[in-house]
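Participant: My structure is below; once you've seen it, I'll send some questions.
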Amino acid sequence: MTNKKSPFGNPGALLVLAASLALLSCGAARASVASTQPPLKPITVNLQDKAALRNGALYTLHMCTACHSLQGARYSTLSRMLGMRKDEFKQVIGTNGHHFHDTITSSMPPAIIDAFAKIPSPDLTDIALRHSPAWLFTYLTSFYVDPSRPTGVNNVVFHNVAMPDVFAPLQGLQKPVMVEGLRYGSPAKVAIGVEPLTRGSMTPAQFDRTARDIVEFLYAVGHPHQQQRMRLGPWIIGLFVVLSILTYLIYKLYWRRVDTSEERWWRVGK
Amino acid sequence: MNSNKRSMAHRVFGWFDDRLPISSLWRSQLTRYPAPKNFNLWYFFGSLAMLVLVMQLATGLFLAIHYQPNPHLAYWSVLRGIQRDSRWGWLIRDMHIVGASAFFLLVYLHMYRAILYGSFKKPRELLWLIGIFIYLALAAEAFLGYLLPWGQMSYWGSAVVTNFVTAVPVIGKPIATWMRGSFVVDLPTLNRFFVFHVFLMPLLLLALVLVHLIALHHVGSNNPDGIEIHDNVNESGWPRDGIPFHPYYTVKDLFGVSIFFVVFFWFVFYNPSGWGFLLDKLNYTPANILHTPADIHPLWFFLPFYAILRGVPNKMYGIMAFAGTFVLFACLPLLDRSPVRSIRYRSVLWKANILMMALSFLWLGYIAHGFATEHNMVYGLHIAEVFYATFLVLPFFNRQRSVRAKVIWLVAAEALVWLIDVWMYSIHAHRWGLMLLTDWIPALYLLLLFGLAIVFPGLARDAQKLPQRLTAGGVFH
């Protein structure tokens, strides 16, 4: 605080040297296991949009939970999050025969999912903490037909995904947009997007809206205390900003004597 | 009324004070403890680290109450029980997570402060050594705690580290099994890690910190000028450049604490996973023994060591190089023996070398943050050489060297670096092209350091005259 000298004095030329060394070898570090990255579809998440959250909850709890669990969430906490009363929640969304305070588990026994997909289906509670909303949105909308896969489909952002295209009836089937690219550093044909192949029961705009709602809902489930954080954060941080100013003034008040007066006053020897 | 007019409270306090050295400790350690009057920004980090230690103990207490050390329950006891079901559990956990990283950041800055101002030099060598043990205990504490959420990165990180000992020939594997209590990381491992994390290590840390403080108050604080304040005392024995720790540094530290909490709580409320640096995204997946992640790496504070470990193309030597960094830290008082303590009065090249020490440490972290490609391994090896070199060249600066000595230093250092490289080439550790990309970095660094010392001797010369009194903070008398 009261230090009037730079702790490094005058490093001058050697700073330049260190910086140029760093730049040179950063350039060299670029050669790595590159894969062609398909562009992600941008999406904005608005946790205030209760209608979207309810729609997302409806689709998630009626389609996704066939195979996926949301073990971190309970029906009761969801109803609070969606702004619905208990009876309203039970009527509109339902608890799949579970108790209202139960956690949300998949309808299908895990053994069947294992036998089908050869891999346990991931829990969706914190999926929005593992992936960005844009990634989730792109994932949900980018299944494409790939006869080489056991499920007949593949995904643009999740190569060789085990999940089948459960959205086919809604979205219709899609074909990939392939480019010559890299996969783990080796040349390969890489899908970077999809084009419609058949029609589903929803228009593309309707389906995008649905997928967006699902992502918003999953984001809300993954960030259960977002509103509390936003409400409390400014107060707590503000408190310490104010305290910083006050303690700075007190510090300066006390230290005025150290900075200005003779040394004699702090001679506190016996 | 009693005769000496002492109030009831005074008499009660007096009763205790006669039997416990309360007021005498208060006086000798706080109000009559002389601290140099010119502490700067770097001197906040020690007290802040102590604050974070207390905070980790307090938040950890509540987390331990709700945590289940069982592989079937651990993950959800953290992510549902603590994070969602218990009231304010999320806040306590996020404080604990951000606190762990804050602890390391503060300790690294605290250690670098000691290097900058020569605080490890006589008579504070033992103080520094105790500090190194605190760092090791802290590292163990962090590693043990990281397994507890039982996420993918927790699990595989622990699997990798407990496999270190298998590098020891013959007895390595039995020791690893004994350490884990199982052939893989499993329930016995989780149980013992939990007990060590919440009981053994905190106890050890507290004890070490106490010894650290006792040693500090015995030898007195160093300061940014590196001049012993006790060498210049007034007629009553009080250092002329010393001020009582309390209230002057307590009010100053309170200001530091407030600023620290502004940053700390910004992370807690708005960015608890710290862009994936404070808590890895992969840890939001429960541990799966059948599914090894594509890329296993530690949290940010261990990344530089991880780069060193990864850089050496042999497990045994890798672990030796990794452990060697701590030996280097511990040997610092033996390496840097110049009578001039503070960076303010050291030579330009010494300053550059100390700057390079920090830069190469960060640089190693940057490398380890990338994938474990062959390129990154070679790159890590060469920057590790630079990091080692920044320690091993320190004796060069202990005194004025003749031109002949400088040339010998240059030749010996270059020979050592190239010998390691020739060895790497000879055992075909990596592809030629990859080696050539980066193996000039340590060689060039040493060439520049000693070359400049030969051509411009002034750059390697410390200040010839040190001030008699502290130069900053307060009126210069």
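Participant: Would you calculate the separation in nanometres between label points at residue B:195 and residue B:30, each defined as 7 Å from the Cα along the Cα-to-beta-carbon direction?
Facilitator: 3.8 nm
Participant: Charges at C-beta only: +1 for Lys and Arg, -1 for Asp and Glu. How large is the resulting dipole of chain B about its Cα centre, in Debye rounded to 20? Don't jump to the answer; show the numbers that get you there.
Facilitator: Values: 36 positive and 22 negative charges, 215 e Å.
Using only the charged Cβ atoms, the result is roughly 1040 debye.
Participant: Right, next: Would you mind giving the mean number of other chain beta-carbons within 10 Å of the Cβ of each residue in B:76-84, as a whole number?
Facilitator: Working: counts 5, 0, 1, 6, 6, 1, 0, 5, 9.
So the per-residue partner count for this stretch is 4.
Participant: Hey, got the average number of other protein chain Cβ atoms within 10 angstrom for residues in B:254-261?
Facilitator: On the way: counts 7, 11, 4, 4, 10, 6, 2, 7.
Whole-number average of other-chain Cβ neighbours for B:254-261 is 6.
Participant: A further question on this structure: Which value does Rg/Rh take for chain B over its C-alpha atoms, Rh per Kirkwood? Write down the numbers at each step before the final one.
Facilitator: Details: Rg = 25.4 Å, Rh = 25.1 Å.
Answer for chain B: 1.01.
Participant: Of A:125, B:373, how do they rank once you tally other Cβ atoms within 10 Å and put the fewest first? Mind dumping the intermediate values first?
Facilitator: On the way: A:125 25, B:373 16.
In increasing order of surrounding Cβ atoms, one gets B:373, A:125.
Participant: Express the relative contact order of the range B:32-296 as a whole percentage, based on alpha carbon pairs under 8 Å and six or more residues apart in sequence. Let's see the in-between values first.
Facilitator: On the way: 275 pairs, mean separation 87.8, N = 265.
Relative contact order, the range B:32-296: 33 percent.
Participant: Under a plain spin-label model, where a point goes 7 Å from the Cα along Cα-to-Cβ, how far apart in nm are residue A:199 and residue B:219?
Facilitator: Result: 8.3 nm between the two label points.
Participant: Follow-up. For the protein assembly as shown, just say rounded, prolate or oblate: build the C-alpha gyration tensor, square-root its eigenvalues into a ≥ b ≥ c, call rounded for a/c under 1.5, and beyond that prolate if a/b exceeds b/c, oblate if not. Before the final figure, lay out the partial values.
Facilitator: On the way: a/c = 2.22, a/b = 1.42, b/c = 1.56.
Oblate.
Participant: Another one. Using the 10 angstrom Cβ neighbour count as an exposure proxy, how do B:331, A:67 rank, fewest first? Walk me through the intermediate numbers first.
Facilitator: On the way: B:331 16, A:67 21.
Exposure proxy ranking, most exposed first: B:331, A:67.
Participant: Quickly work out the residue B:234-to-residue B:207 label distance, labels modelled 7 Å from Cα along the C-beta direction, and quote it in nm with one decimal.
Facilitator: Reported label-point gap for residue B:207 and residue B:234 is 4.2 nm.
Participant: Please give the FRET efficiency for residue A:91 paired with residue B:246, using the beta carbon to beta carbon distance and R0 = 56 Å, rounded to the nearest 0.05. Numbers along the way, then the final one.
Facilitator: Details: r = 65 Å, r/R0 = 1.16.
For residue A:91 and residue B:246, the calculated efficiency is 0.30.
Participant: Something else: Could you bin all the Cα-Cα distances of the range B:305-477 into 5 Å bins starting at 0 and give me the percent of pairs in each, rounded to whole numbers?
Facilitator: Result returned by the calculation: 1, 8, 16, 19, 18, 14, 10, 7, 4, 2, 1, 1, 0.
Participant: While we're on this one: Hey, can you rank B:99-106, B:188-195 by average C-beta count inside 10 Å, highest first?
Facilitator: On the way: B:99-106: 21.2, B:188-195: 18.1.
Final packing ranking: B:99-106, B:188-195.
Participant: OK, next. Full extension from residue A:166 to residue A:102: what is 0.36 nm times the residue separation minus their Cα-Cα distance, to one decimal in nm? Kindly include the intermediate steps, with their values, before the conclusion.
Facilitator: Numbers: separation 64, 0.36 × 64 = 23.04 nm, distance 2.58 nm.
Stretched fully, the residue A:166-residue A:102 segment lengthens by 20.5 nm.
Participant: In terms of Cα to Cα distance under 18 Å, which aspartates and glutamates are near enough to residue A:189, apart from those fewer than 8 places away along the same chain?
Facilitator: Within the straight-line cut-off, residue A:189 pairs with A:146, A:180.
Participant: Where the centroid of each part is defined by its Cα atoms, how far is the range B:404-477 from the range A:91-153 in Å?
Facilitator: With the range B:404-477 and the range A:91-153 each reduced to a Cα centre, they are spaced 56 Å.
Participant: Would you mind checking the range A:167-192 for residues with the amide N under 14 Å from a putative spin-label position 7 Å along Cα→C-beta of residue A:159?
Facilitator: What the label zone holds, given the 14 Å backbone N cut-off, is A:178-192.
Participant: Another question, if that's okay. When only Cα pairs under 8 Å and 6 or more residues apart are kept, what is the percent relative contact order across chain B? Can you show the working numbers first?
Facilitator: Numbers: 545 pairs, mean separation 92.8, N = 477.
Relative contact order for chain B comes out at 19 percent.
Participant: If we count other beta carbons within 10 Å of each Cβ, what is the order of A:235, B:363, B:300, fewest first? Let's see the in-between values first.
Facilitator: Working: A:235 10, B:363 25, B:300 19.
Final ranking by Cβ density, sparse to dense: A:235, B:300, B:363.
Computed from the coordinates by the stated procedures, all read-outs in this text should not be read as laboratory data. These numbers were taken from a predicted model, which means no experiment stands behind them. All Cβ positions, even for glycine, are placed from backbone atoms using ideal geometry, and neighbour counts span all protein chains on display.
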